[in-house]
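Visitor: Take a look at the following structure, please.
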Amino acid sequence: MENLNLFVVLLGGYNPGDMLESHNLFIGVGKDMESMKSQMKKSWKYATHVDAYMILNNADGFNIKIKEGKPYDKKFPALVIGNIGYYREGYFTEFHNLIPFVLRDETDSIFEKLNRNPEFSEGQALSKDARSHLDDKHVISAFDVDDVINVQQKIDGYIIELVPDEKKSENILKLGYQFTDLKKM
């Protein structure tokens, strides 16, 4: 069986009428980026390129293993990606940071997981209107949170196993404008 990887991809493109580039997230399983081009385009028809991607091999001390099959029905542990939006004094923009983490059980705190991130922590010190947030406006311990994405629920046909391991595998992060041929698809 071929080696499968879990990809988290930041797609860029323009919706009709946009004045600024828009972004969307793609989460998929494949052997490499090339093998997932049509899946990426199908997930968001306005995608024209990739701005960044990560091969997610580890989160919170759990190695990530991918197998073909029907996903488990159990809720925990859950591989989650938190999307924090935050502001910085003096910048006319909203910054975003995607943070993978594992919720071990129903008592695990999303706020504590996000609070480990310096941008989120620093953002809490800003005024209420400018502090770090998650756009779906999930209020967690009186803090706003943009998006909380359960990865296992976004992947069909694959089992994502979270295996506790002291020798954690490294995640692979690639930044930069690439795969511009998505606009031709």
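Read-outs throughout are calculated quantities, based only on the coordinates presented, and are distinct from any laboratory measurement. Nothing here was measured: the structure is a model prediction, and the numbers come from that model. Glycine also receives a Cβ, built like all others from the backbone with ideal geometry; neighbour counts cover every protein chain displayed.
Visitor: With a 10 Å Cβ neighbour count serving as the proxy for reagent exposure, in which order, fewest first, do Met40, Met54 appear?
Guide: In increasing order of surrounding Cβ atoms, one gets Met54, Met40.
Visitor: Okay, helix-only estimate at 222 nm for the chain: each DSSP H run of n ≥ 4 adds -39500 (n - 2.57), divide by all residues, round to 500 deg cm²/dmol; what do you get?
Guide: -2500 deg cm²/dmol
Visitor: What is the extension gain from Glu89 to Ser109, computed as 0.36 nm multiplied by their sequence separation minus the C-alpha to C-alpha distance, in nm to one decimal?
Guide: Roughly 4.4 nm would be gained on extension.
Visitor: Just flag the chymotrypsin sites (Phe, Trp or Tyr not before Pro) in region 5-37 sitting in loop per DSSP whose Cβ has no more than 15 other Cβ atoms within 10 Å.
Guide: Counting only loop positions with at most 15 other Cβ atoms within 10 Å, the chymotrypsin sites (Phe, Trp or Tyr not before Pro) in region 5-37 are Tyr14.
Visitor: Most mobile of Gly69, Gly61, Gly12 per a Gaussian network model of the chain (Cα springs, under 10 Å)?
Guide: Gly69
Visitor: Percent relative contact order of the chain, based on C-alpha pairs within less than 8 angstrom and at least six residues apart?
Guide: Reported as a whole number, the value is 29 percent.
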